[in-house]
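Input: a single structure, listed below in structure tokens.
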Amino acid sequence: PEAFAEYHTIVLGDVSRELLNDDLRELLAAAVRDDGVGLLVAAGTQTMPHQYGSTIQDLLPVKLDVTRSGNEAPVYNPYRLELTADGEIHETMRLYDDPGRNLKVWAEIPPFYWCAAVDRPAAGATVLAWNASVETRYGKMPLIAYHYAGEGKVMFVGTDSTWLWRENVGD
């Protein structure tokens, strides 16, 4: 945990289970919970987070639908991101200082075609964005959320399509 504690925040993408083995997952979880290391988990189609057990999944601000790894949208009906009321004012979702302009830009974000199979937010989590196209038995599917896991803050981004957000805006 001391090696992980040297970092303020650790970002995990769709990393394979071989690279993030059982021992490293335990050390990472301890660093987040006990040492306050921040963790950003970006979901991916290959392994993250559906192929990881409770060591990683229990850190997440969402509860997964364990019956499947993800949701694919048909090409003719892609998913849309929708900011929550919390997301509209949260600094991580602020692309512009002007609230009206910020909402307009988020509304024009290109659609996406895959997201992690999330059932609901975890207790105490703050949802910043929903997948506006998918509802579970608990309501809209959380797409971006965060909470505290012990001493550390954990954020979850439930799509691997954030690269699309740069579309039509240059380098």
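The values are calculated or read from the model by the stated rules, or taken from the named source; none is laboratory data. Computed from a predicted structure; not experimentally measured. A quick note on method: Cβ atoms are made from the backbone with ideal geometry, for glycine too, and the neighbour counts reach across all protein chains shown. Surface areas here come from the heavy atoms of the whole protein model, side chains and all, with no ligands, DNA or RNA. Shrake-Rupley method; radii C 1.70, N 1.55, O 1.52, S 1.80 Å.
Largest to smallest in accessible area, the residues Thr55, Thr84 fall in the order Thr55, Thr84 (1.4 Å probe, all protein chains included).
Using the alpha-carbon positions of the stretch 32-119, Rg (one decimal) and Dmax (whole number) come out as 15.6, 46 Å.
Here's the picture: charge each Lys and Arg Cβ at +1 and each Asp and Glu Cβ at -1 in the chain, and of Ile56, Leu83, Thr159 the one pushed furthest to the positive end of that dipole is Leu83. Close amide H partners of Thr9, meaning residues 5 or more places away or on another chain with modelled amide H under 5 Å apart, are Gly38. Highest mobility in the GNM of the chain, judged by mean-square fluctuation with C-alpha springs under 10 Å and restricted to Leu24, Leu143, Leu12, is found for Leu24. Counting heavy atoms of the protein chains alone, Glu135 has an accessible area of about 130 Å² for a 1.4 Å probe. Within the assembled protein chains, the solvent-accessible surface assigned to Ser133 is about 60 Å², based on a 1.4 Å probe.
Mind listing which trypsin sites (Lys or Arg not before Pro) in the stretch 14-61 are in a DSSP loop and have 16 or fewer other Cβ atoms within 10 Å? Sparse-neighbourhood loop trypsin sites (Lys or Arg not before Pro): Arg17.
Which residue, Asn102, Ala73, Gly124, has the largest displacement toward the positive end of the dipole of the stretch 68-131 when charges sit on each Cβ (Lys, Arg +1; Asp, Glu -1)? Working it through, the farthest residue towards the positive pole turns out to be Ala73. Note on the stretch 70-171: Rg/Rh from Cα positions, Kirkwood definition for Rh, rounded to two decimals, is 0.96.
Expressed as a fraction of 2.2 N^0.38 Å, the C-alpha radius of gyration for the chain is 1.03. Note on exposure: Thr9, Thr67 ranked by accessible area (1.4 Å probe, complete protein assembly) read Thr67, Thr9, with the most exposed listed first.
What size of dipole, in debye to the nearest 20, comes out for the chain about its Cα centre when the only charges are +1 on Lys and Arg C-beta atoms and -1 on Asp and Glu C-beta atoms?
Details: 14 positive and 25 negative charges, 125 e Å.
Here the chain has a charge dipole of around 600 debye.
Note: relative contact order over the chain, using C-alpha pairs below 8 Å and six or more positions apart, is 27 percent.
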